[in-house]
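The values are calculated or read from the model by the stated rules, or taken from the named source; none is laboratory data. As the structure is a prediction and not an experimental result, all values here were calculated from the model. Quick reminder, even Gly has a Cβ in these numbers, built from the backbone with ideal geometry, and neighbours come from all protein chains shown. Accessible surface is based on the protein model in full, side chains and every heavy atom, while ligands, DNA and RNA are left aside. Shrake-Rupley method; radii C 1.70, N 1.55, O 1.52, S 1.80 Å.
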Amino acid sequence: MQPKAIITCALTGVLTDPRQHPVPVTPEDLAASAREAWDAGAACMHVHFRQQGAGRGHLPSWDPALAVEVADAIRAACPGVILNFTTGVIERDQSGPIACLRAGRPEIAACNAGSLNYLKTRSDGRWAWPPMLFANPVDKIDELLAVMRETGTKPEFECFDTGILRSVAMFAEVGMVERPQVNLVMGVSSGMPADVDLLGVLMRYLPEGSPWQATLIGRAEIWRVHRRVAELGGHLRTGLEDTFYLPDGARASGNGALVAALADLVRETGREIASADDARRLWGLT
């Protein structure tokens, strides 16, 4: 029998303009959106922090006081929820994410497990943004893991390609981490595609005994991959950070609608939805 499926909701992401898309920005809006996702079946909320104030909600913030305010608001709205903080920064200096980890002390936080040329093109052959390197050398990862040990935070290793996934197994071999938790990030234009056929290959390279989930970035086509993840026993993530589209191609009204659709899909595969207490047992948080 497959284990219960943990659903994570990625509430808002980074840089998406709230004037164009229904992404929550303020602590109050994040808490309300988290509650909708919680009621629909999400046990964990993946949280990015945005700058506050008119016209600034599309910009990231690493203000630890804001991180605490957001965390407290979500925890109050969703008693027992698991919080997962973002930590990703392009540059080597990660003092901002570290300050937020120390202030908010989430049970889980993302740990980007390798470097990636972060690229995207437009239909007219231009770059969608200037090419950039999302640099995550081992010393940067090791620094973050040390802080997570200090705060009692479990790392979730974000893997954007197969080489990064294989690196996580090496992190365990050299003692940087025990029983690593893996997130297969599929759909970034310059990373792994959101491809059903690729999942079977990736399963061969998961560190032994590792809990895993998939983050699928795209439009309606990603839901076929979500179904296969559920069938393979993986945990699942959705939310306005990852997609704005429901399985039928309609635009989602918010995070609650996306989580409800994902929960329905999971149940169709014969699996049950994990509560937050279930998730803590499955992820080894208790």
What does the charge count near residue 249 come to, summing +1 for each Lys or Arg and -1 for each Asp or Glu among other residues with Cβ under 15 Å from its Cβ? +1
Listed residues 105, 19, 224, most fluctuating in the chain (Gaussian network, C-alpha, under 10 Å): 19
When the accessible area of segment 34-144 is computed with all protein chains present and a 1.4 Å probe, what percentage of it is carbon and sulfur? 54
Volume of the Cα convex hull of segment 170-286, divided per residue and given in Å³: 118
Span-rule helices in the chain, defined as complete DSSP H runs reaching 18 Å or more along the axis (Cα) with Kyte mean at least -0.5: 64-77, 138-151, 255-268
Accessible area per residue for the chain in Å², computed with a 1.4 Å probe and the full protein assembly in place, what is it? 43
Express in Å², to the nearest 10, the accessible area of residue 149 obtained by rolling a 1.4 Å probe over the protein heavy atoms while all chains stay in place. 150
Counted charge near residue 63, where neighbours are those whose Cβ lies closer than 15 Å (Asp, Glu -1; Lys, Arg +1): +1
Stretch gain in nm, segment residue 231-residue 267, where the contour uses 0.36 nm per residue and the Cα spacing is subtracted: 11.9 nm
Taking 45 Å as R0, compute the FRET efficiency from the Cβ-Cβ separation of residue 150 and residue 126 and round it to 0.05. 0.55
Using a 1.4 Å probe on the protein heavy atoms, what percent of the accessible area of segment 164-214 belongs to carbon and sulfur? 48
How would the chain be classified by its alpha-carbon gyration tensor: rounded, prolate or oblate, with rounded meaning a/c under 1.5 and the a/b versus b/c comparison settling the rest? rounded
When N is the residue count of segment 192-232, what does its C-alpha Rg come to as a fraction of 2.2 N^0.38 Å? 1.15
Under a Gaussian network model of the chain whose springs join Cα atoms within less than 10 Å, the largest fluctuation of 168, 138, 81 belongs to 138
Partner lysines whose C-alpha sits under 17 Å from that of residue 140, ignoring same-chain residues fewer than 8 away, are 154
Per GNM of the chain with C-alpha springs under 10 angstrom, the most fluctuating residue out of 231, 107, 158 is 231
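Report D for segment 1-145 in µm² per second (integer): Stokes-Einstein, Kirkwood Rh on Cα pairs, 20 °C, 1.002 mPa s.
Details: Rh = 16.4 Å.
Estimated diffusion coefficient is 131 µm²/s.
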Rolling a 1.4 angstrom probe over the protein chains, ignoring ligands and nucleic acids, what is the accessible area of residue 176 in square angstrom, nearest 10? 30
